[in-house]
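Novice: The structure is given below, and queries will be raised subsequently.
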Amino acid sequence: MVVHTQTLRMHLRVLKERFEVVHLDDWLQRLARGQPLPKKACAITFDDGWRDNFEHALPLLREAALPATIFLVSDKVGTAESFWPERLARVLWQAGSGLPPAVWESAEFAWLKQLGVACPSGQRPPLRAEIDTIIHACKRFTDADLQARLRLMEARSGTTRVTVAPDILDWNQVQAMAAGGLIRFGSHTRHHVRLNDAVDASILLDEIGTSRKVIEAHTNRAVEVFCYPNGDYTPGVKRLVQDHYQAACTT
């Protein structure tokens, strides 16, 4: 999920040597028009719209002259809020760094023990692999349930839900990348809600359709591609996405 810049530089070099790297929407247009497609095509994509896409990935993409698509969570752009996995990791790290045992035994934290995974309880900061396992186990809950649990945990531990330096791109950075032409943008919903039939139909429509309108308004370019948060979708969700986009990506 995370690589160092030198690793990304190596990845881009190998991709350029072995593939024709294309924009997703260019490939789709060629397909729709019946034009010849590359024998070995590769599309580079980044999910969520992290600020490091601008600070670290963009210079390397320019250096290699390779295009990419960034899937934006439209209502996170320009805010200081993190996604729930990062918020949970922050709470776990702070709790494992010395919060008293009473916090771990509180109702706000006790549910973690029911996940069936190892969870350090105040003796030491959890390892990244441990946090990853806990986050994966938490995906059994709905996004709304997780948000509610996190608010209680943050209040109990005194952890802030925002970062000092924003994790996510702002619209000025998005527009600067769009102006260069090398980077294009797709939709990744408004709030990174995992899309399934348990989500209210009006929320599904808003997350899928409105996100496109917001991104188009800020970039002055049509948004034709979508990416499912966490790779999740159902037949009903897929049909709704097909009503709004030319194509969609999963994981």
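Novice: List the residues, sorted by chain then number, that are 5 or more residues from ASP170 or on another chain and whose placed amide H is less than 5 Å from its amide H.
Specialist: Amide H neighbours of ASP170, under 5 Å, 5+ apart: GLY78.
Novice: What is the Cα centroid distance between region 146-160 and region 185-202, reported in whole angstrom?
Specialist: 23 Å
Novice: Here is a follow-up. Relative contact order for the chain using alpha-carbon pairs under 8 Å, separation at least 6, rounded to a whole percent?
Specialist: 22 percent
Novice: Here are some values of Cα Rg over 2.2 N^0.38 Å: (1) 0.96; (2) 2.31; (3) 1.11. Which one was computed from this structure?
Specialist: (3)
Novice: Counting only helical runs of four or more DSSP H residues, what would the 222 nm mean residue ellipticity of the chain come to if each run contributes -39,500 (n - 2.57) and the total is spread over all its residues?
Specialist: -12500 deg cm²/dmol
Novice: Determine the gain in length on full extension of the stretch GLU81-MET10; use 0.36 nm per residue of separation and subtract their C-alpha separation, reporting nm with one decimal.
Specialist: 22.4 nm
Novice: Determine, for the chain, the count of lysine pairs separated by eight or more sequence positions (or lying on different chains) whose alpha-carbon distance falls under 21 Å.
Specialist: 7
Novice: Sticking with this one: Per residue of region 243-250, what does 6.51 cos²θ - 1.76 cosθ + 1.60 with θ = phi - 60° give for ³J(HN,Hα)? Whole Hz please, x for Gly and Pro, Karplus curve as stated.
Specialist: With coefficients 6.51, -1.76 and 1.60, one gets 6, 10, 9, 7, 7, 9, 10, 10 Hz.
Novice: Quick one: length gained pulling ALA137 to CYS42 fully straight, 0.36 nm per residue minus the C-alpha distance?
Specialist: Net length gain for the segment: 31.0 nm.
Novice: Taking the simple approach of a point 7 Å from Cα along Cα-to-Cβ for both ARG18 and TRP93, what is their distance in nm?
Specialist: 3.3 nm
Novice: If you don't mind, there's one more thing I want to ask. Rounded, prolate or oblate: which fits region 155-228 when a ≥ b ≥ c are the square roots of the eigenvalues of the alpha-carbon gyration tensor, with rounded for a/c under 1.5 and prolate only if a/b beats b/c?
Specialist: oblate
Novice: Now for a separate question. Between ASP206 and THR251, what is the label-to-label distance in nm when each label sits 7 Å out along the Cα-to-Cβ direction?
Specialist: 2.5 nm
Novice: I'd like the carbon and sulfur percentage of the solvent accessible area for region 1-144, probe radius 1.4 Å, heavy atoms only, ligands and nucleic acids excluded.
Specialist: 56 percent
Novice: Here's something else I'd like to know. Evaluate the relative contact order of region 32-74 (contact order divided by residue number), counting alpha-carbon pairs under 8 angstrom at least 6 apart; express in whole percent.
Specialist: RCO, region 32-74: 51 percent.
Novice: Once ligands and nucleic acids are excluded and a 1.4 Å probe is used, how much of MET10 is accessible, expressed in Å² to the nearest 10?
Specialist: Using a 1.4 Å probe on the heavy atoms, I get roughly 80 Å².
Novice: Continuing with the same structure: Can you tell me the accessible area per residue over region 109-198, all protein chains present, probe 1.4 angstrom, in square angstrom?
Specialist: 50 Å²
Novice: In nm, to one decimal, how far is the ASP26 label point from the ARG151 one, both placed 7 Å along Cα→Cβ?
Specialist: 4.5 nm
Novice: Based on alpha-carbon centroids, what's the gap between region 1-78 and region 127-145 in Å, whole number please?
Specialist: So the separation of the two Cα centres works out to 28 Å.
Novice: Which order do the peptides 55-62, 187-194 take when ranked by the mean count of other beta-carbon atoms within 10 Å per residue, highest first?
Specialist: Final packing ranking: 187-194, 55-62.
The values are calculated or read from the model by the stated rules, or taken from the named source; none is laboratory data. Quick caveat: nothing in here was measured; it's all calculated off a predicted structure. Counting neighbours? That spans all protein chains shown, and the Cβs are built from the backbone with ideal geometry, glycine included. Just the protein is used for accessible areas: all its heavy atoms, side chains included, with ligands, DNA and RNA removed. Shrake-Rupley method; radii C 1.70, N 1.55, O 1.52, S 1.80 Å.
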